[in-house]
1. Inspect all residues belonging to the range 367-379 and state whether any of them is at pLDDT below 95, part of a loop (DSSP other than H, G, I, E, B) and not assigned by TED's automatic domain parsing to the domain that holds residue 14.
2. Identify all residues within the range 334-359 that are touching a His at 6+ places or on another chain (Cβ under 9 Å) and more than 20 Å from residue 372 (Cα to Cα); write none if there are none.
3. Which one of 156, 165 is surrounded by fewer than 15 Cβ atoms within 10 Å (Cβ to Cβ) and in the same structural domain as residue 71 (by TED's automatic domain parsing)?
4. Can residue 56 be described as under 19 Å from residue 451 (Cβ atoms), part of a helix (DSSP H, G or I) and touching a residue at least 40 places away in the same chain (Cβ under 8 Å)?
5. Just the residues that are of a type in the set (S, T, N, Q), over 9 Å from residue 424 (Cβ atoms) and within 14 Å of the chain's Cα centre (by Cα), please, taken from the range 382-403.
6. What do you reckon, is residue 367 in contact with a Lys or Arg (Cβ under 8 Å, 6 or more places away or on another chain) and charged (D, E, K, R)?
Amino acid sequence: MLLWIQWLQAVRYLRPACKRSLTFVWMTLVLIGLCCRSDNLGVTSFVRVLNLREDAYHRLLHLFHSRGLDIDALTSCWVRLCLVLFRPFQVGTRLVCLADGIKAPKEGKCMPGVKLLHQESQNNTKPEYIMGHSFQALSLLVHASGGQAVAVPLTSRIHEGLVFSNRDSRTLLDKLVALLLSITLIWSRPVVLVADAYYASAKVITPLLNNGHHLVTRAKSNAVAYLPPPKVTNPGKGRPRIYGEKVRLKDIAADDSAFTSAPSPVYGDTDVMVRFRVLDLLWKPVGRIVRFCIVHHPVRGTIFLLSTDTSLTALEILQLYGYRFKIELGFRQAVHVIGAYAYHFWMLGMKPLRRGTGIQYLHRTTDEYRAAIRRKLRAYHVYVQLGCIAQGLLQHLAINHTAEVWNCFRSWLRTMNPAMPPSELVVASALRSTLTPFLAATALAPDISKIVAKYRRHHPHYEGEQMAA
């Protein structure tokens, strides 16, 4: 029961996102379903895990389309709450955020935003092309016990597949930066964004630097930079030189004599020595000096890293980029445990899509049709945002209440380690084992107990067996 008390105290911080108290109750029931369900079959799984009647399904479905739940206010409340529940990983005074994209496969022909997507994965289980939604997500890097770090999901949005105006020329990079800046305005603190090589672009770096933030990413192996221009004592006619001699990073990586050896700071590396070299060079895409870090890893090979913050050391840059994979682990938990992307909301009045359809241009459609598309898109975002919050709540219990989670875990794992924070799967199982007493305790959450009692499904045969036992 202690787990549910801590869980409920955290959820109450989200109350300002709901315009009515009844909306908040139904949102809490959805979060309970996301944290406890044993299958990822959409909204029907919430009905099963809460043991509700079939008429509660439409109530839950209405929540995702309701105007009583403000998606922007919900995101703002959760972003603020993350700094309360967790101990953020910091570089000086700056927080560390992780960014990446995820493709959610969807076969619905009447789902706005579904388009043909290409997956650049080397996993044999993933097809090269799928139909689905393209998301961009942001996570906050936080400390866990045992010197570990965890990526807490902040938000995830569909940034591809729909164009409402032919004047909208924003790219995926522009939309991600806008999403990140909206979060940093809530925190009022500078951040360091860690992302892969796709985000090593002037469209990301320039607005980040203009707002006091920095980027740590991977540079391409064929990247080219320039030395600062030589100082001229007697300048002649014409514009002075901006760039000096051209430098190819691949050529510098071949010079082993200039590299320094040190123990690897990447998590999971024990007794591993890496060789690195740091160069501050002018990079043409941004027109300013950035720090390049070339690292020779004995197992992973050579990697080229880029940091807009020239005060970071080579080992700090390598450590930060090593944590980038934490968001990939969060995606795996979100897909397989939480089911944060397992929504199935169709639009009845939508023109069916064909297999292989690309971006849907809506600038020639009616205002009513565009409003209906935005309403359905908002339902997707509400579902995914609640999935991010549910995953963050499970991480909160795993990190801050580790002993109680293992105490309530009623199953067995071959790799159980009660001294370490458990995974989201273990926390979900612990909450599921104590769900019935929590819903029956009317003193803890009377509004929730009232709704559950009103829509509770009765099984006369099953209840009779319990009485006979």
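The values are calculated or read from the model by the stated rules, or taken from the named source; none is laboratory data. Note that the coordinates shown come from a computational prediction; the quantities given were computed from them, not determined experimentally. Glycine gets a Cβ as well: all are built from the backbone with ideal geometry, and neighbour counts include every protein chain shown.
1. No - not one qualifying residue is present in the range 367-379.
2. Within the range 334-359, 341 is the sole residue that qualifies.
3. Working: 156 fails: surrounded by fewer than 15 Cβ atoms within 10 Å (Cβ to Cβ).
Only one candidate passes the filter, namely 165.
4. Values: under 19 Å from residue 451 (Cβ atoms): yes; part of a helix (DSSP H, G or I): yes; touching a residue at least 40 places away in the same chain (Cβ under 8 Å): yes.
Yes, satisfied.
5. Going through the range 382-403, the residues of a type in the set (S, T, N, Q) turn out to be 385, 391, 395, 400, 402.
Now restrict to residues that are over 9 Å from residue 424 (Cβ atoms): 385, 400, 402.
Answer for the range 382-403, where residues must be of a type in the set (S, T, N, Q), over 9 Å from residue 424 (Cβ atoms) and within 14 Å of the chain's Cα centre (by Cα): just 385.
6. On the way: in contact with a Lys or Arg (Cβ under 8 Å, 6 or more places away or on another chain): no; charged (D, E, K, R): yes.
Spelling it out, it is not the case that residue 367 is in contact with a Lys or Arg (Cβ under 8 Å, 6 or more places away or on another chain) and charged (D, E, K, R).
Here is a yes/no grid of residues against (1) among the aromatic types (Phe, Trp, Tyr); (2) within 25 Å of residue 93 (Cα to Cα):
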residue: 142; (1), (2): no, yes
residue: 154; (1), (2): no, yes
residue: 169; (1), (2): no, no
residue: 172; (1), (2): no, no
residue: 189; (1), (2): no, yes
residue: 199; (1), (2): yes, yes
residue: 226; (1), (2): yes, no
residue: 231; (1), (2): no, no
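Per-residue answers, yes or no, for (1) under 30 Å from residue 369 (Cα atoms); (2) in a helix (DSSP H, G or I); (3) more than 21 Å from the chain's Cα centre (by Cα):
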| residue | (1), (2), (3) |
| --- | --- |
| 48 | no, yes, yes |
| 72 | yes, yes, no |
| 82 | no, yes, no |
| 98 | no, no, no |
| 101 | yes, no, no |
| 116 | yes, no, yes |
| 121 | no, no, no |
| 136 | yes, no, no |
